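Since the structure comes first, as structure tokens, the remarks are kept for the end.
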Amino acid sequence: LKQRLGERFQTGEAIRAQHAHTTTYIPTQAPDGVAFPETTAEVQETVSACAAHRVPVIAFGVGSSLEGHTNAPGG
């Protein structure tokens, strides 16, 4: 993903924590990376790459999850 998206694929601790933080009581479990695709084709390529490597994809909107669905217990 880094090769395809460049700087639009981030693995820094701060950005990962930001995308795992929700308003739930469940402790934050950050993902291994955060992708920022800009086109439908990039979304398709990202999802296909993740599927090929058996990496879960967690959609993130505004971060208002009460259920904790943006937590990434598998990384």
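Derivation of every value follows stated rules applied to the coordinates shown; laboratory data play no part. Every value quoted in this text rests on a predicted model; they were computed, and no experiment measured them. Reconstructed Cβ throughout: ideal geometry from the backbone, glycine too, with neighbour counts over all protein chains shown.
Brief remarks on what is shown
- Taking label positions 7 Å along the Cα-Cβ direction at both residue 43 and residue 26, the computed distance is 2.3 nm, reported to one decimal.
- Dimensions of the chain along the principal axes, based on C-alpha atoms and rounded to the nearest Å, stand at 35, 22, 20, largest first.
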